[in-house]
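Visitor: Before I ask anything, here is the structure I am working with.
The values are calculated or read from the model by the stated rules, or taken from the named source; none is laboratory data. Just so it is clear, the model here is predicted, and its values are computed rather than measured. Neighbour counts run over all protein chains shown; Cβ positions are idealised from the backbone, glycine included. For accessibility, only protein heavy atoms count, side chains too; no ligands or nucleic acids. Shrake-Rupley method; radii C 1.70, N 1.55, O 1.52, S 1.80 Å.
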Amino acid sequence: MHNMDENRAEYCQRTPEDIRKVIKIAKLHESELTDITQVLMFPESTSRNDNLRLLQLDDILLKEIEAGNNLVFKGELDENVVLCTENKTYDVKEAETSNSLLLVPNLLYAASTGGVEAANNSTEWDSDNSFDKSNNSLNKSNESDDGTREPRKIEFKDVVNTFFTYYELKPCKPRLSKLRKILEPTVYKGPELEYAVDKTKLLDFAAIFEQVQASQAELEAELDKIEAVKIDEYYRLLEFDYEFRVLSYMLDLIEENSWPLNKISKEITFDSLKDLVPQSVLEAMFRYYTVDTYKEDDTQYYQYKQDKVCQFLARVLLKSAGKFNYVEFLQAWRDSVPEGMVTDVLCY
């Protein structure tokens, strides 16, 4: 097998007349071609760049790249690969091409070779009323065979690689099932039990992002949905019993301060519990369990989400008792919630 240099030397010996013979054998007409002939040089298998892959992009992904934004491939050995932008996830599938695709850097097109007219002729050739024009092209081609045409220019172009497959990208849902699994080993049970936590398993956002097949925006939304709490830069799930303890502290302040249900003071809540609950946990719990109500004298007031509080306290009762007489359960449930909140099994 000839190497690339030998092939190049062999092709360099060809004259413009040799090129014209090839054009005639291919039944092409010089009048429709530019004056530059580009010779494609294929590399040997040992020098081929096999690290390249073809990726089919839609307009959105193309704009992401042109804007300099990051595209991240994600996937463990046992997972299908996905590609993530800042806010979307795409499934990556390998597809075969019907024809081989050549990657040729610096390949010249008609406009770059002074062949705009030829490109226009080619467009006209495909039109419905091109019969006369095609005859004219044939006549011009015959006229070019008399040797009066300027010599053809020959340029050599290296083929970097030949592709028979490419990767398709399709929008898909983020794959978030792993998120809880990787956070469960470090559930937060309170500051007094932090000594028992394996610190090597604590995960910040970067570590979670690397493992979970989701975009940054999708991951942030899911962390908020599962109510993960950021403690000292690490994301933690709250243990059920500890969450109940903190929520009880917060709800007890309603009776202690004789607050209307729609006039919960965030400032007083935080000040009252600052020695009992870490600030980051208190902020997260208050955010997850309350909504704004109104302002008075520049002070924002809140109220607890009734459905969320009632559902959680129902889970507390069922977890501790296991089995309940239905009527007794409903009474115990009513007694467990702050006065004024209404429990309704049909709503929850």
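Visitor: Mind telling me which of the residues Tyr288, Tyr294 ends up being within 30 Å of Tyr234 (Cβ to Cβ) and either open to solvent by less than 40 Å² (accessible area, probe 1.4 Å) or not in a loop (DSSP other than H, G, I, E, B) (or both)?
Guide: Numbers: Tyr294 fails: within 30 Å of Tyr234 (Cβ to Cβ).
Answer to the selection: Tyr288.
Visitor: If you take the residues in the range 20-48 that are assigned to a helix (DSSP H, G or I) and among the hydrophobic types (A, V, I, L, M, F, W, C), which one is most open to solvent (accessible area, probe 1.4 Å)? Lay out the reasoning, then the answer.
Guide: Taking the range 20-48 and keeping what is assigned to a helix (DSSP H, G or I), we get 20-25, 30-32, 45-47.
Then keep just the ones that are among the hydrophobic types (A, V, I, L, M, F, W, C); that gives 22-23, 25.
Values: Val22: 75, Ile23: 18, Ile25: 139 Å².
Only one residue tops the list, namely Ile25.
Every residue, every condition in (1) touching a residue at least 12 places away in the same chain (Cβ under 8 Å); (2) within 30 Å of Asp78 (Cβ to Cβ); (3) surrounded by fewer than 17 Cβ atoms within 10 Å (Cβ to Cβ); (4) in contact with a helix residue (DSSP H, G or I) (Cβ under 7 Å, 6 or more places away or on another chain), yes or no:
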residue	(1), (2), (3), (4)
Ala196	no, no, yes, no
Gln213	yes, yes, no, no
Leu219	yes, yes, no, yes
Arg236	yes, yes, no, yes
Glu243	yes, no, no, no
Glu255	yes, no, yes, no
Thr269	yes, no, no, yes
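Visitor: Which numbered condition in (1) in contact with an Asp or Glu (Cβ under 8 Å, 6 or more places away or on another chain); (2) of a type outside the set (Asp, Glu); (3) outside any loop (DSSP other than H, G, I, E, B); (4) modelled with pLDDT under 85 is the only one that Ala95 fails?
Guide: (4)
Visitor: Under the condition of being loosely packed, with under 15 Cβ neighbours inside 10 Å and within 23 Å of Val246 (Cα to Cα), which residue from the range 171-186 is nearest to the chain's Cα centre (by Cα)? Steps first, please.
Guide: Step one: list which residues in the range 171-186 are loosely packed, with under 15 Cβ neighbours inside 10 Å, which gives 171, 173, 177, 180-181, 184-185.
Retained after the next criterion (residues that are within 23 Å of Val246 (Cα to Cα)): 180, 184-185.
Details: Arg180: 20, Glu184: 25, Pro185: 27 Å.
Filtering the range 171-186 for residues that are loosely packed, with under 15 Cβ neighbours inside 10 Å and within 23 Å of Val246 (Cα to Cα), the one nearest to the chain's Cα centre (by Cα) comes out as Arg180.
Visitor: Of all residues in the range 304-338, which are over 41 Å from the mean Cα position of the chain (by Cα), at pLDDT 90 or above and not in a helix (DSSP H, G or I)?
Guide: Within the range 304-338, Val337, Pro338 meet the criteria.
Visitor: Would you mind stating whether Thr85 is touching a helix residue (DSSP H, G or I) at 6+ places or on another chain (Cβ under 6 Å), at pLDDT 90 or above, open to solvent by less than 70 Å² (accessible area, probe 1.4 Å) and closer than 24 Å to Pro174 by Cα? Full working, then the answer.
Guide: Values: touching a helix residue (DSSP H, G or I) at 6+ places or on another chain (Cβ under 6 Å): yes; at pLDDT 90 or above: yes; open to solvent by less than 70 Å² (accessible area, probe 1.4 Å): yes; closer than 24 Å to Pro174 by Cα: yes.
Criteria met by Thr85.
Visitor: Please verify whether Asn121 is modelled with pLDDT under 85 and farther than 18 Å from Tyr166 by Cβ, treating the condition exactly as stated. Talk me through it step by step, then tell me what you get.
Guide: On the way: modelled with pLDDT under 85: yes; farther than 18 Å from Tyr166 by Cβ: yes.
Criteria met by Asn121.
Visitor: Scan the strands (runs of 3 or more DSSP E) fully inside the range 145-259 and keep the ones with 2 or more residues being among the β-branched types (Val, Ile, Thr) and modelled with pLDDT of 95 or more.
Guide: Ranges flagged: 229-231.
Visitor: To continue, here is another question. Inside the range 271-285, can you point out the residues that are open to solvent by 50 Å² or more (accessible area, probe 1.4 Å) and in a helix (DSSP H, G or I)?
Guide: Asp271, Ser272, Gln279, Glu283 - these are the residues of the range 271-285 that are open to solvent by 50 Å² or more (accessible area, probe 1.4 Å) and in a helix (DSSP H, G or I).
Visitor: Would you confirm, using the coordinates I've provided, whether Ile226 is surrounded by 15 or more Cβ atoms within 10 Å (Cβ to Cβ), in contact (Cβ under 8 Å) with a residue 24 or more places away in the chain and on the phi < 0 side of the Ramachandran plot?
Guide: When the stated conditions are applied, Ile226 does not pass them.
Visitor: Let me ask something else about it. Picking from Leu107, Leu55, which residue would you name as being open to solvent by less than 80 Å² (accessible area, probe 1.4 Å), at pLDDT 85 or above, in contact with a helix residue (DSSP H, G or I) (Cβ under 9 Å, 6 or more places away or on another chain) and among the aliphatic types (A, V, I, L, M)?
Guide: Working: Leu107 fails: in contact with a helix residue (DSSP H, G or I) (Cβ under 9 Å, 6 or more places away or on another chain).
Going through Leu107, Leu55 in turn, just one is open to solvent by less than 80 Å² (accessible area, probe 1.4 Å), at pLDDT 85 or above, in contact with a helix residue (DSSP H, G or I) (Cβ under 9 Å, 6 or more places away or on another chain) and among the aliphatic types (A, V, I, L, M): Leu55.
Visitor: Hey, another quick one. From the set of residues in the range 302-334 that are more than 18 Å from Asp252 (Cβ to Cβ) and aromatic (Phe, Trp, Tyr), which is surrounded by the fewest Cβ atoms within 10 Å (Cβ to Cβ)?
Guide: The extreme case among them is Tyr326.
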